[in-house]
Amino acid sequence: MRIDVVSIFPDYFQSAGLSLLGRARAAGLIRLDVHDLRDWTRDRHRTVDDTPYGGGAGMVMSPRPWGEALDAVLAAGELGLAPDDVAGPDGTPGVVLIVPTPSGELFDQPTASRLARATRLVFACGRYEGIDARVARHYRDRAGLEVAELSIGDYVLAGGEVAALVMIEAITRLIPGVLGNAESLAEESHTQAGLLEGPVYTKPPVWRGLEVPPVLLSGDHGRIAAWRQAQAESRTRVMRPGLAAQREN
Ligand code: 6GU
């Protein structure tokens, strides 16, 4: 998968060289390129924002630098708009322009697994009060391109960078070969639709007077699986009553 990010703070993405994502990049499973939006400005101050039409607080990101940046990034690279990039008939996405915004659709685990099958993702990270709405509108009309305005939850961040990092991590770890152990994908929170993962334990068997639940030391795989399922269900009811109610319907 090829991923491009456009931001006025490319340094946020330094962390993408670490851990799982860093290894996947080194192994050639993922290509990640980060671009500075200000490279597409033309004035001495490299201006990317302006005051909002209609008044109000804060600044809005200007469409011109965004249009030039996204045109250049979308046109670049080994995958132009090749047949490879076209969305599949089965709903497999081709090229997706993701605009992180608190007013977007919720990014959840099903969204992550759908986007993990895309050939290419381009993240447009806005700051301030957001990007002029005509930018998303313009690219929605472009053939071969899907535009997704996505929020990572009901709170407001200072910009799209951290949200993009969250999405990139959630998506890329689902790409075959990125995670060492494919089985760890099967059992974790949310992969069994709407069920949280129960508690986990390792050695020693007693720590500061606290014991590991004896069933886990029993060697009885059937009982262990049943216990884990019950723990997952009760944890979901306690921690996320809304999620549990949805599941039970
Ligand atoms: Cl995607 N962006 C910002 N700025 N704030 C958010 C968000 C995104 N998702 C939740 N809060």
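Of all residues in segment 125-139, which are hydrophobic (A, V, I, L, M, F, W, C) and either within 7 Å of the ligand (Cβ to nearest atom) or open to solvent by less than 10 Å² (accessible area, probe 1.4 Å) (or both)?
Pass one, segment 125-139, residues hydrophobic (A, V, I, L, M, F, W, C): 125, 131, 133, 135-136.
The answer is C125, and nothing else.
Determine whether L217 is of a type in the set (A, V, I, L, M, F, W, C) and open to solvent by 80 Å² or more (accessible area, probe 1.4 Å). I'd like the intermediate steps shown before the answer.
Values: of a type in the set (A, V, I, L, M, F, W, C): yes; open to solvent by 80 Å² or more (accessible area, probe 1.4 Å): yes.
Yes: the conditions hold for L217.
Among (1) more than 20 Å from R142 (Cβ to Cβ); (2) modelled with pLDDT of 95 or more; (3) open to solvent by 20 Å² or more (accessible area, probe 1.4 Å), there is one condition I30 misses while meeting the rest; what is its number?
Going through (1) more than 20 Å from R142 (Cβ to Cβ); (2) modelled with pLDDT of 95 or more; (3) open to solvent by 20 Å² or more (accessible area, probe 1.4 Å) one by one, I30 breaks only (3).
Pairs needed: first member in segment 36-56, modelled with pLDDT under 95; second member anywhere, surrounded by 10 or more Cβ atoms within 10 Å (Cβ to Cβ); C-beta distance under 8 Å; at least 6 residues apart or different chains.
none
Identify the single condition in (1) open to solvent by 20 Å² or more (accessible area, probe 1.4 Å); (2) within 13 Å of V6 (Cα to Cα); (3) of a type outside the set (A, V, I, L, M); (4) out of contact with any strand residue (DSSP E or B) (no Cβ under 6 Å at 6 or more places or on another chain) that G91 does not satisfy, given that it satisfies every other one.
(2)
Is at least one residue of segment 73-82 under 24 Å from F9 (Cβ atoms), in a helix (DSSP H, G or I), open to solvent by 40 Å² or more (accessible area, probe 1.4 Å) and away from the ligand (no atom under 11 Å from the Cβ)? Reasoning before the result, please.
Keep residues of segment 73-82 that are under 24 Å from F9 (Cβ atoms), which gives 73-77.
Checking which are in a helix (DSSP H, G or I) leaves us with 73-75.
After this cut, where a residue has to be open to solvent by 40 Å² or more (accessible area, probe 1.4 Å) as well, the list is 75.
From the residues that got through so far, the ones that are away from the ligand (no atom under 11 Å from the Cβ) too are 75.
For segment 73-82, residues under 24 Å from F9 (Cβ atoms), in a helix (DSSP H, G or I), open to solvent by 40 Å² or more (accessible area, probe 1.4 Å) and away from the ligand (no atom under 11 Å from the Cβ): present.
Taking segment 232-249 as the region of interest, how many residues are farther than 14 Å from H190 by Cα and not in a helix (DSSP H, G or I)?
The total comes to 1.
State which residue pairs qualify: first residue within 8 Å of the ligand (Cβ to nearest atom) and inside segment 140-165, second residue of a type in the set (V, I, T) and in a loop (DSSP other than H, G, I, E, B) in any location, beta carbons under 7 Å apart, and separation of 6 or more residues or different chains.
Between residues of segment 140-165 that are within 8 Å of the ligand (Cβ to nearest atom) and residues that are of a type in the set (V, I, T) and in a loop (DSSP other than H, G, I, E, B), the close pairs are A163/I152.
If we only count helices (runs of 4 or more DSSP H) wholly inside segment 97-190, which ones have 2 or more residues that are over 25 Å from M59 (Cβ atoms)? Lay out the reasoning, then the answer.
Values: elements: 109-115, 134-140, 160-172, 183-187.
So the answer is 109-115, 160-172, 183-187.
The values are calculated or read from the model by the stated rules, or taken from the named source; none is laboratory data. Model, not experiment: these values are computed from the prediction. Virtual Cβ from ideal backbone geometry, glycine too; neighbours counted across all protein chains shown. We work out accessible area using only protein heavy atoms, side chains counted, and drop any ligands, DNA or RNA first. Shrake-Rupley method; radii C 1.70, N 1.55, O 1.52, S 1.80 Å.
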